[in-house]
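These notes concern the structure reproduced below.
Bear in mind these aren't lab numbers, they're just calculated from the coordinates by the rules spelled out. On a predicted model such as this, the values are computed, not experimentally measured, just so you know. Cβ sites come from the backbone with ideal geometry, for glycine too, and all protein chains shown count toward neighbours.
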Amino acid sequence: MDIVKDSHGDYSLKHRKESLADTYVKHREEFIQWSIRRYNVTADQAMEVYQESVVIFYENLISGKIEVLSSSAKTYLFAIGKNKLREFFRTRVKLTQQDEQILERLSEEPDSGKEPFFKIMEKNFLRLNERCRELLSLFYFEQMTMDQISDQLSYKNVDSTKNQKYKCLKQLRDYCEEEVTG
């Protein structure tokens, strides 16, 4: 059920809550699967973002920010979710500007049969040497600090770890760009 205001410009509170509950249940699983596939988050992280998105959706409804949806409730909800997922990465993972650009391309919907950028990145991640894969995994997925990574991978110091991370990311970007531009 899509949520829109009626011809009188409002819903009864009961109807609004029932509609929101229907929308929540109807799109929850699809959103979680989409988030996991597109953004490589855990199911718990996807659920957290989905719940935040539904709350924002509801707040936009009751505040009058949404008069009438020009799209389906699902499209509006997924757009909020997409922005929340991007925010999730910005706040939980230290991103460089180039990482932001990769994340932007990752979040784009696949178009005209092109391979989604995430798949390209994943494939090229496997082309990296084992040391680079481990370093990047520890930093981005395990969210370890440079100090922790330096200790675990026996780098001489934090600066050499940062330098190696930069080189690994550059190599990954080069591989991805090479594949995207052909």
Requested in this report: Grab the Cα-Cα distance for Val180 and Asn129, subtract it from 0.36 nm times how many residues apart they are, and report the gain in nm with one decimal.
Outcome: 16.3 nm
Query raised in the report: Points 7 angstrom from Cα along the Cβ direction at Ser63 and Lys119: gap in nanometres?
Result: 3.8
Report task. Quickly work out the Asn40-to-Lys74 label distance, labels modelled 7 Å from Cα along the C-beta direction, and quote it in nm with one decimal. Result -> 2.7
Requested in this report: For Asn157 and Ser137, compute 0.36 nm times the residue count separating them, minus their Cα-Cα distance, and round to one decimal in nm.
Outcome: 5.3 nm
Requested in this report: Take peptides 38-45, 73-80 and line them up by average Cβ neighbours within 10 Å, highest first, as a rough protection proxy.
Outcome: 73-80, 38-45
